[in-house]
Amino acid sequence: MSVAGRMPSQLEVDSWPGRERRSPDRSDRHYLTLKPLAEQLKSELERLLPGRGGLRVLDIGCGHKPYLPFVADRASSYFGVDAVEGPLVDAVGVAEELPCESASVDLILCTQVLEHVDDPARALAEIHRVLAPGGAVLLSTHGVYLYHPDPPDSDRDYWRWTHAGLVRVVEQAGAWERIGIQAQGNVVACLGYIVAQFVDELGQKLPGRLPGRMLLRMVNSVAEWLDARLPPNARIPAPGSLSSNYLVTAVKPEAGSG
Ligand SMILES: C[S@@+](CC[C@H](N)C(=O)[O-])C[C@H]1O[C@@H](n2cnc3c(N)ncnc32)[C@H](O)[C@@H]1O
C-alpha cells in the first residue's frame with residue numbers, strides 16, 4: 001500500500017487537481033454544496049484527529065483525490081480506490097469489497113460516492129472493517145439532487161438520504177463513537193442548488209460564457225445569503241427541513257474501550 005499510496009511532494013500538492021471542489025468559485029453550479037463541504041471537511045479533520053500525524057489515508061471512490069491537499073501534511077500514505085481506472089487511482093475496486101487489510105487505515109474519505117454504490121450497508125461495513133481503532137471516516141453524499149449516474153452511460157445513481165437515514169446506515173455498520181452529521185446548507189440552499197443546475201444548462205446555450213456565469217453567481221449569492229438567515233426550525237434536523245447534501249463522520253472506538 002505504501003508504494004501505490006505514496007505521498008506527493010509539496011510541489012505536486014500545490015498544483016493538485018480538484019481546486020474547483022476544494023475552493024469552488026461562486027459561479028460554479030456546485031458552489032452551494034461544495035463550499036460548505038470543503039469547510040466542514042477541514043474542520044472535522046482537525047476535530048476528529050487532533051494533532052495526529054503519520055495518517056494512513058484511504059480515499060474511496062477517489063476520482064482525482066480532490067481533498068488530498070487537506071491532509072497532505074499529516075499523512076504518511078494516501079491510497080485511492082475507485083470502481084473506474086484513472087490517473088490517480090491506486091487500485092480499481094468497489095467500496096463493497098475494499099482491497100485493504102482489516103484495521104489498516106487511520107482515515108477514510110468517501111466523498112460523493114455512496115449514492116452510486118450497489119450496497120451502501122456493505123460499503124459501510126467494509127469502511128468499519130478497514131479502519132484501525134481510533135480511526136475516523138468522513139463520508140459525504142446527497143440528500144436531494146438530480147439523477148446523475150456515474151459512469152454517465154450507466155444507471156449507477158441509486159440512493160438519496162435524510163440526515164437520520166445516513167446516520168442509521170453508519171450506526172448499523174458496527175461499533176462507533178462520536179457519530180456526527182452536518183448538512184451542507186438548508187432548504188433555500190437546496191432549492192438554489194437545484195435551480196443552479198438548470199441555470200448552468202441555460203447559460204451554456206447563451207453566447208459567450210459571461211452571462212451564464214453572472215446568472216449562476218446571482219443564484220448562488222442570493223440562496224447563500226437567505227439560507228444563512230433561516231431560523232433554527234427550518235434547519236436540519238428540524239421536521240420540514242431539507243438539504244442537498246450531508247457529511248457524516250464517525251470514529252472507530254479504541255481497542256478495549258466501551
Ligand atoms: C462523483 S465522483 C466523486 C469523486 C471524488 N470522491 C470527489 O469527491 O470528487 C464518484 C466516484 O465514485 C466512483 N464509484 C462509483 N461507484 C463506486 C463503488 N461502488 N466503489 C468505489 N467507487 C465507486 C466513481 O467511479 C467516481 O470516481
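Data overview
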item	result
Failed condition for Leu32, given (1) without any contact (Cβ under 8 Å) to a residue 60 or more places away in the chain; (2) surrounded by 19 or more Cβ atoms within 10 Å (Cβ to Cβ)	(1)
Among the candidates Leu215, Leu202, residue that is without any contact (Cβ under 8 Å) to a residue 24 or more places away in the chain, of a type in the set (A, V, I, L, M), over 27 Å from Arg160 (Cα atoms) and part of a helix (DSSP H, G or I)	Leu215
Condition check for Phe79: in contact with a Ser or Thr (Cβ under 9 Å, 6 or more places away or on another chain) and in contact (Cβ under 8 Å) with a residue 40 or more places away in the chain	yes
So Val84, is it near the ligand (Cβ under 9 Å from one of its atoms), under 19 Å from the mean Cα position of the chain (by Cα) and over 26 Å from Ala175 (Cα atoms)	yes
Filter result for the condition that a residue is more than 10 Å from the ligand (Cβ to nearest atom), over 17 Å from Ala250 (Cβ atoms), part of a loop (DSSP other than H, G, I, E, B) and of a type in the set (Val, Ile, Thr), over Val144, Val89, Val94	Val144
Filter result for the condition that a residue is touching a residue at least 40 places away in the same chain (Cβ under 8 Å) and under 23 Å from Gln197 (Cβ atoms), over Pro120, Pro151, Pro69	Pro151
Answer residue from segment 97-141, given it is outside any strand (DSSP E or B) and touching a Cys at 6+ places or on another chain (Cβ under 9 Å) and is farthest from the ligand (Cβ to nearest atom) among those	Arg129
Elements of type helices (runs of 4 or more DSSP H) contained in segment 1-60, each with 3 or more residues being away from the ligand (no atom under 14 Å from the Cβ) and either of a type in the set (Phe, Trp, Tyr) or more than 24 Å from Val89 (Cβ to Cβ) (or both)	31-48
Residue satisfying all of: in segment 221-258; at pLDDT 95 or above and charged (D, E, K, R); nearest to Gly165 (Cα to Cα) among these	Arg235
Residue within segment 154-168 that is closer than 25 Å to His116 by Cβ, assigned to a helix (DSSP H, G or I) and small (Gly, Ala, Ser) present	yes
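The values are calculated or read from the model by the stated rules, or taken from the named source; none is laboratory data. In this text the structure is predicted, and so the values were computed from the model without any measurement. For neighbour counting, all protein chains shown are included, and Cβ atoms are generated from backbone atoms with ideal geometry for every residue, glycine included.
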